[in-house]
Amino acid sequence: MNSQQYNISNNNFEQCIKCTICTVYCPVVPINHDFPGPKQAGPDGERFRLKTPDFFDPTLKYCLNCKRCEVSCPSGVRIGDIIQAARIKYSRSKPKLRDIMLANTDIVGTMSTKLAPVVNATLKLSPVKKVMDAVLQIDHRRMFPKYASQTFENWFHQQAEAKQDSYQRHVSYFHGCYVNYNFPQLGKDLVKVMNAIGYGVHLLEYEKCCGVALISNGLISQAKKQALHNIKAIRQSVIENNRPVLATSSTCVFTLRDEYPHLLDIDNADVRQSTELATRFIFRLVESGEVKLAFKKDYHNRIAYHTPCHMEKLGWSIYSTSLLRMIPGMDFVMLNSQCCGIAGTYGFKKENYETSQGIGNPLFRQIQESHVSYVATDCETCKWQIEMSTPTRVMNPISILAGALDVEATIELNRH
């Protein structure tokens, strides 16, 4: 058995007991009948693929990589990893121009922020949408997130960096593409919260996209190159500078912690536990009594929380929801969350659009019936999908926390 086969076998497909629970929990199966389902595409198919690659089924491309099959599996089989590894190893189709464009978030984001007003206006035009639909196969009904005129990194270097060394404790921030190019305010909110509880925030040295879109679009060599770069930067932060690495995106954290070793064969064991979601880090500080939070007395909002798929896999939604529940005046609603259907770049593709919206419809109805001011979630693409498909605005829990926080009182509480 060669090393690649051994790595796939490490996904323990042999332990599948054929109970089909994973198929019941798969969001794609009831909507897209071309997808064979996680049991057949994963453990069942792997037994045949290890004998001959000719058994590879191209319909595996319909898998969302949501990992809900893995969450539900009573035997702990890494079903999603089996499917993604099979796509990496056996797929003969090459990425299209559309896939390359959607996956290269740093290149597209860097260009788009320089001409943000023009790009944002252009992407809304019906003729442009129709051209992208016909030429690139990006569905004309899909709304693109807006680009910011100033990146988060530029704002940080100009407005926040100089004072971060004045704090006694420090963290590094893996901001990700969304914060840097589309929504710098979330990054600003994290800096605000961390500074208020006595932590200086720093950026990693030359952070690159986590690579989740590159992996899902078959650009594996590029994904691995960027992953190696990021792990080197994370090691510098954690090991050399003694700064844990925080992120505000559940998918970024999941990719850095789990997809790097499982799909890209990159060892991150020495820094994995020091790479985590910001809400988890803050909650543990509050729970231990190490820091205290003070909130505005006049804060009142009814907010529903949606658990993103990769957050479900991490098992960390309890940290975000517990922080939100700490806010006085918070009318909190816990959604019975299912996959929203967008799955990163998946929902932008014309051939997936109907499946994407069909998967998300039960969640959209639940949100509208909850009559909330905002939906809270830790995933940026869930935000895009929900805001496009419902009239409800979506916010990251860190931004909600920043808006509810009495900054001056919190600073005073945490003076040592």
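The values are calculated or read from the model by the stated rules, or taken from the named source; none is laboratory data. No experiment lies behind these values; they were computed from the predicted model shown. Quick reminder, even Gly has a Cβ in these numbers, built from the backbone with ideal geometry, and neighbours come from all protein chains shown. Heavy atoms of the whole protein, side chains included, go into the accessibility calculation; ligands, DNA and RNA do not. Shrake-Rupley method; radii C 1.70, N 1.55, O 1.52, S 1.80 Å.
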**Asked** Going by average Cβ neighbours within 10 Å, how do the peptides 338-347, 92-101 rank, with the highest at the top?
**Response** 338-347, 92-101
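At 222 nm, what value in deg cm²/dmol follows for the chain if DSSP H runs of at least 4 each add -39500 (n - 2.57) and the sum is divided by all its residues, to the nearest 500?
Details: 22 runs with 182 residues, N = 416.
Roughly -12000 deg cm²/dmol at 222 nm, from the helical runs in the chain.
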**Prompt:** Rg and Dmax of segment 92-135 over Cα atoms: what are they, in angstrom?
**Reply:** 12.3, 39
**Item:** Full-stretch length increase - residue 19, residue 412 - with 0.36 nm per residue and alpha-carbon distance subtracted
**Value:** 135.9 nm
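Would you mind telling me the share, in percent, of accessible area of the chain contributed by carbon and sulfur at probe 1.4 angstrom? It would help to have the intermediate numbers written out before the result.
On the way: 9680 of 18440 Å².
Of the solvent-accessible surface of the chain, carbon and sulfur hold 52 percent.
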**Message:** Report for segment 284-416 the percent antiparallel among DSSP-assigned beta bridges with both residues inside it, nearest 5.
**Reply:** 10
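Accessible area per residue of the chain at 1.4 Å probe, in Å²? Please list the in-between numbers first.
Values: 18440 Å² over 416 residues.
So the chain comes to 44 Å² accessible per residue, rounded to a whole number.
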**Message:** Along each principal axis of its Cα atoms, how long is the chain end to end? Whole angstroms, biggest number first, please.
**Reply:** 65, 49, 39
**Among 170-176, 231-237, the order from most to least packed when residues are scored by Cβ within 10 Å on average** = 170-176, 231-237
**Prompt:** How large is ³J(HN,Hα), in whole Hz, for each residue of segment 31-47 in order, when computed from phi with the Karplus curve 6.51 cos²θ - 1.76 cosθ + 1.60 and θ = phi - 60°, using x for Gly and Pro?
**Reply:** 9, 10, 6, 6, 7, x, x, x, 5, 6, 6, x, x, 4, x, 5, 4
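Can you work out the FRET efficiency for the pair residue 124 and residue 299, with r the C-beta to C-beta distance and R0 = 45 Å, to the nearest 0.05?
Details: r = 34 Å, r/R0 = 0.75.
Computed FRET efficiency for residue 124 and residue 299 comes out at 0.85.
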**Message:** I need to check one value: relative contact order of the chain, counting alpha carbon pairs closer than 8 Å and at least 6 residues apart, in percent.
**Reply:** 16
**Request:** Go ahead and run the numbers for FRET between residue 265 and residue 287, Cβ-Cβ distance against an R0 of 30 Å, rounding to 0.05.
**Result:** 0.25
**Item:** Gyration tensor over alpha-carbon atoms, segment 150-235, equivalent ellipsoid semi-axes in Å
**Value:** 26, 14, 10
**Message:** How tilted is helix 380-389 with respect to the longest principal axis of the chain? Cα atoms for both, answer in degrees (0 to 90, nearest 10).
**Reply:** 80
**Prompt:** Relative to the present Cα-Cα distance, how much length would full extension add between residue 393 and residue 93 at 0.36 nm per residue of separation?
**Reply:** 104.2 nm
**Asked** With N residues in segment 66-224, what two-decimal value do you get for its Cα radius of gyration over 2.2 N^0.38 Å?
**Response** 1.28
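What's the magnitude of the charge dipole for the chain around its Cα centre, counting Lys and Arg as +1 and Asp and Glu as -1 at the beta-carbon? Answer in Debye, nearest 20.
On the way: 48 positive and 39 negative charges, 152 e Å.
Magnitude of the dipole: close to 720 debye.
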